[in-house]
1. Identify the residue in segment 282-306 that is in contact (Cβ under 8 Å) with a residue 24 or more places away in the chain and exposed (fewer than 15 other Cβ atoms within 10 Å of the Cβ) and, among all such residues, is farthest from the ligand (Cβ to nearest atom).
2. Just name the residue that is farthest from Ser306 (Cα to Cα) out of those in segment 26-43 that are away from the ligand (no atom under 16 Å from the Cβ) and surrounded by 13 or more Cβ atoms within 10 Å (Cβ to Cβ).
3. Give me the pairs: first residue in segment 46-70 and in contact (Cβ under 8 Å) with a residue 12 or more places away in the chain and outside the structural domain of Leu204 (by TED's automatic domain parsing), second residue within 16 Å of the ligand (Cβ to nearest atom) and aromatic (Phe, Trp, Tyr), beta-carbon distance under 6 Å, and six or more apart or on different chains, which are they?
4. So for segment 44-52 (the condition being under 30 Å from Ala86 (Cα atoms) and either away from the ligand (no atom under 16 Å from the Cβ) or out of contact with any Gly (no Cβ under 8 Å at 6 or more places or on another chain) (or both)), does at least one residue qualify?
5. Do we have any residue at all in segment 125-134 that's assigned to a helix (DSSP H, G or I), under 16 Å from Asn230 (Cβ atoms) and either in contact with a His (Cβ under 7 Å, 6 or more places away or on another chain) or basic (Lys, Arg) (or both)?
6. Scan segment 253-278 residue by residue and report those that are more than 16 Å from the ligand (Cβ to nearest atom) and surrounded by 14 or more Cβ atoms within 10 Å (Cβ to Cβ).
7. Name the single residue, out of those in segment 212-243 being farther than 18 Å from Pro267 by Cα and within 16 Å of the ligand (Cβ to nearest atom), that is surrounded by the most Cβ atoms within 10 Å (Cβ to Cβ).
Amino acid sequence: MHKILTLNQISVKGLERLPRDHYEIASEFTHPEAILLRSHKLQPEDIPESVLGIARAGAGVNNIPVAACTERGIPVFNTPGANANAVKELIIAALCLGSRGILQGVQYVDTLKDMTDKAEMNTLLEKEKKNYKGNELAGKTLGVVGLGAIGSMVADAALELGMTVKGYDPALSVESAWRLSSNVERVENLNSLFSKCDYITLHLPVLDATRGLINRELLASCKKDLRLLNFARAEIVDTAAVISALNDGDLGQYIADFPEPGLIGVPNTILTPHIGASTDEAEDNCAVMAADQIKDFIENGNIKNS
Ligand code: MLT
C-alpha cells in the first residue's frame, strides 16, 4: 500500500485517480511516501524522511521549500496550465470590472431596495447612471507580462475582445512561443511596455528576479491612467510603490487577487481574495493532474513538471 499524505482538501476527482486497493490517503501518517497539497505552507522540518515526492495541485510552488526538497532529492511536481482557464476568465471579468461602473452601479441599485414606485425609480436611475459611465476594452492596448500558460490565454482572449496586445517575457519557453498568436507584438523591455499600454496584466512566478519587479520607478514611466492587474503573486509587485503611484496620480488603477494591509480601501483599487483558480473545474483539473503525477512517479519512477 502506498501512503499519500494530503495537507489540503483535494477534489474527489483527483483522489479517484489513486485506487484504494493500492493507495491509502489520509491527512495524518507517520511514514507517507508522497505529499499531495494545495496552498498549505510546508516547512522543511515538516517533511517526513519517508517522503519521496511532493505534488502541488496548483501552478505556483512558493508554499513549498523547493530548495530544501532538491537537496534531499525530493521532486516537487506542480500542475501548470490546469487552472489557466479559471484565471483567464477572472482576468477578463476584472478588465471589465475595472473599466465599467459595475461595482458602483450594483451598490447604488442596492440602495433602492425599499422603493416601491417603479416610475420614481426609473427617474432616479436615469439621473444616476451618468455616474457609472465607463470605457470599452476594444481598441485599447493590453500588455501581458509573462507569456506562459495563463498569459498566452489572456492574450488570445483580449485579441478576441478587439484589444491590441503586446507581450513581454524574457524567459519565453519554446512551447509557449509556438502557442502564441502572431498578433501579439513582443516587446523587449518592461519600461517600454509600461509606457505604451492602457492595461497591464502580470503572469510571472515569484523568483529572485521577479520579487518587487513592479517598482516605483517603473510605475513612474507608465501612462497615468494605466490599469494594472496582478493575478499572479503579491510578491512581484512592490505594494508601497503601487499605493504611492495611485496617490500621486501616476497609476490609474490597481486590480489584484491579493488584499494586503495598507492596500485595502485605497482609492482606485479592486481587490479579490485570491480566487483566481477557485472554480470546481480548476480544482478538479489540478487535483487530477497532481494525482496522476504522483501515481506515475510512484509506479513508474517518471518525473513530470518538476
Ligand atoms: C496557483 O498557484 O495555482 C494559483 O495561484 C491558485 C492557488 O494558489 O491555489
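The values are calculated or read from the model by the stated rules, or taken from the named source; none is laboratory data. Fair warning: this is a prediction, and the values are worked out from it, not measured in the lab. Every residue, glycine as well, gets a Cβ built from its backbone with ideal geometry; the counts of neighbours run over all protein chains shown.
1. That would be Ile303.
2. Phe29
3. These pairs meet every condition: Ala55/Phe77.
4. Among the residues of segment 44-52, not one is under 30 Å from Ala86 (Cα atoms) and either away from the ligand (no atom under 16 Å from the Cβ) or out of contact with any Gly (no Cβ under 8 Å at 6 or more places or on another chain) (or both), which makes the answer no.
5. The answer is no, given that none of the residues of segment 125-134 is assigned to a helix (DSSP H, G or I), under 16 Å from Asn230 (Cβ atoms) and either in contact with a His (Cβ under 7 Å, 6 or more places away or on another chain) or basic (Lys, Arg) (or both).
6. Passing the criteria: Gln253, Tyr254, Leu263, Val266, Asn268, Thr269, Ile270.
7. Ala232
Let's see how each residue does on (1) of a type in the set (S, T, N, Q); (2) more than 24 Å from Leu97 (Cα to Cα); (3) in contact (Cβ under 8 Å) with a residue 60 or more places away in the chain:
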residue: Glu120; (1), (2), (3): no, yes, no
residue: Lys130; (1), (2), (3): no, no, no
residue: Leu142; (1), (2), (3): no, no, no
residue: Val145; (1), (2), (3): no, no, no
residue: Gly151; (1), (2), (3): no, no, no
residue: Ala157; (1), (2), (3): no, no, yes
residue: Asp169; (1), (2), (3): no, yes, no
residue: Arg179; (1), (2), (3): no, yes, no
residue: Asn183; (1), (2), (3): yes, yes, no
